[in-house]
């Protein structure tokens, strides 16, 4: 099972580290990352393996949302099944 994490906000030091640390805390493996800085805006998408997650998925979503609020970022987590359903006709 996988999940997609997206992060958008003003570029600051430590965004990738903070999100990755939160994933590691809950035994979520970061499989792939793409990130870009467009002028002063940071944009990142992570593909993660949640097959060994040690917290309820909904609670993890809330944890990353709270991290986003703390760091003034938009952080969204979407289960791969939902992501795929949204992007298939």
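The values are calculated or read from the model by the stated rules, or taken from the named source; none is laboratory data. The model shown is predicted, which means the values in this text are computed figures rather than measured ones. Cβ coordinates were reconstructed from backbone atoms using ideal geometry, including for glycine residues, and neighbour counts include every protein chain displayed.
Is it true that residue 87 is loosely packed, with under 12 Cβ neighbours inside 10 Å and at pLDDT below 95?
Working: loosely packed, with under 12 Cβ neighbours inside 10 Å: yes; at pLDDT below 95: yes.
Answer is yes for this residue.
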| field | Failed item, numbered, when residue 27 is tested on (1) in a loop (DSSP other than H, G, I, E, B); (2) surrounded by 13 or more Cβ atoms within 10 Å (Cβ to Cβ); (3) touching a helix residue (DSSP H, G or I) at 6+ places or on another chain (Cβ under 9 Å) | value | (3)
| request: Name the residue, out of 22, 76, that is assigned to a helix (DSSP H, G or I) and surrounded by 11 or more Cβ atoms within 10 Å (Cβ to Cβ). | output: 22
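What do you reckon, is residue 77 farther than 14 Å from residue 18 by Cα and in contact (Cβ under 8 Å) with a residue 60 or more places away in the chain? Can you show your working first?
On the way: farther than 14 Å from residue 18 by Cα: yes; in contact (Cβ under 8 Å) with a residue 60 or more places away in the chain: yes.
For residue 77, the condition - farther than 14 Å from residue 18 by Cα and in contact (Cβ under 8 Å) with a residue 60 or more places away in the chain - is met.
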